[in-house]
Amino acid sequence: MAIYLKRGQSEAAIRQTDTSIKTTVEKMIREVELKGDAAVREYSALLDNWSPAAFQLTDTAIADIIAQTPASVIEDIQFAQQQIRFFAEQQRASLLDIEIETLPGIFLGHKNIPVNSAGCYIPGGRYPMVASSHMSILTAKVAGVKRVIACTPPINGKIPLATVCAMHFAGADEIYILGGVQALCAMAIGTDTIPAVDMIAGPGNAYVAEAKRQLYGRVGIDLFAGPTEILVIADETADAEMVACDLLGQAEHGPGSPGVLITTSMALAAETLREIEKQLKVLSTADIARVAWENNGAVLLVADEAEAIREADALAYEHVEVLTRNPQVFLDNMTNYGALFLGPETNVAYGDKVIGTNHTLPTRQAAKYTGGLWVGKFLKNCTYQRCTPEASAMIGEYAMRLCDLEGFAGHREQAALRVRRYGKTSG
């Protein structure tokens, strides 16, 4: 039986925080609905101390930003984008339009059609989330979205230069320096200066996640991607320094970020707890990481790999690192996760920044029903059908009888009309 050696905060405490966030976001959405650009500007000034003449960057401004950015930074951004673009292109190539003749004269098919427009949110706040530009904008463009707009907040009252470069190179058609809930509302609802999009995508904090939840239906969304999560599954072969490092590497995202260790080794669990305290003394982002670990960190001791898999699938975490003797066992048997990182040679930072897989992933157990952001999220799988006259009359006989079973007279007549029109005795 699994034993918790350390637990995070209770579900009741999390729900209390969620209620407060929900109320705040509801108010902001109502304000943008009523006042449009004026509300967006008020919230931007209030929350980000940012109220420029225009939120959208001109082509000239973008060119100036690129000119100010060191060539080495641009080279690194473009290298990362090459990796993400290539993997996204392979995913897109795996999604084929089909048409098949299911019965003589009956043709069924589907097309994968990109949404016409998408709004991508690139988080900022404490950190400039440069990589999120690749993950959403570039992925949407590979999917074939015609209009991709993107918003990112200012950081300490300044435009994040590297993020804007990444947004531009990823293919954004419009770039806005605008953050948080007000940015998502502007993109989803639309204002006089920001035409609404068909779907919104991108990660963010708890407020961003709640805004996406409340805006869903008015627009499509990629998924509910809230505060980041990491689960490390480790056995006695793992290195406590590495386990601690990888847990804290995600904890620095924010005070609400959960991190969990599931292990079969009591010795590793104890050593990891000591190592976390040691690393927190020197980590430059320890002010955030310590709060996240103390409030949301957990250590779970399990009997064997089978129990580790059961507990991991129950958690359904966003990032799952497997530091065990045989990581393949977890790839073969786990079903609920955003992304797996197999073996000590890889880690979440690779996935977050450069290796090629997408870093916008399901949190809060959404991995039980969805995967992460990919080209398929920007595509609509749309079916169609076509019949020859003879096939229409044949299938119509079945449709008439099935409509009778359900009492749908109007439906029956649709089928009966074709039987009369195209049947053997017609004309």
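Inter-part distance, the stretch 194-265 to the stretch 366-396, computed on C-alpha centroids, equals 31 Å. Accessible area per residue for the chain, computed on protein heavy atoms with a 1.4 Å probe, is 48 Å². Taking all protein chains as shown and a probe of 1.4 angstrom, Lys158 keeps an accessible surface of around 140 Å². Restricting the calculation to alpha carbons of the stretch 24-162 gives Rg and Dmax of 20.1, 66 angstrom. Taking a ≥ b ≥ c as the square roots of the Cα gyration tensor eigenvalues, the stretch 145-198 comes out oblate, since a/c reaches at least 1.5 and a/b does not exceed b/c. For the chain, the alpha carbon positions stretch 89, 60, 43 Å along the principal axes, listed from largest to smallest. Ordering 411-420, 254-263 by mean Cβ neighbour count within 10 Å, with the highest value first, yields 254-263, 411-420.
Protection proxy ranking, highest mean first, for peptides 285-296, 162-173: 162-173, 285-296, where packing is the per-residue count of other beta-carbon atoms within 10 Å, averaged. Put simply, the amide H of Ile200, placed in the peptide plane, has neighbours under 5 Å in Gly119, Gly220, Ile221, Asp222, leaving out anything fewer than 5 places away on its chain. Would you mind checking Lys353/Lys377; Lys22/Lys353; Lys6/Lys377; Lys212/Lys281; Lys141/Lys212 for any pair whose Cα atoms are more than 27 angstrom apart? Lys22/Lys353; Lys6/Lys377; Lys212/Lys281, as the Cα separations exceed 27 Å there.
For the peptides 381-390, 345-354, the ranking by packing is 345-354, 381-390, with the highest mean count of neighbouring Cβ atoms within 10 Å listed first.
A Förster distance of 41 Å, applied to the separation of the beta-carbon atoms of Thr24 and Lys353, puts the FRET efficiency at 0.85. Note: relative contact order over the chain, using C-alpha pairs below 8 Å and six or more positions apart, is 19 percent.
The values are calculated or read from the model by the stated rules, or taken from the named source; none is laboratory data. Just so it is clear, the model here is predicted, and its values are computed rather than measured. All Cβ positions, glycine included, derive from the backbone under ideal geometry; neighbour counts span all protein chains shown. Remember, those area values only see protein heavy atoms, side chains included, never the ligands or the DNA or RNA. Shrake-Rupley method; radii C 1.70, N 1.55, O 1.52, S 1.80 Å.
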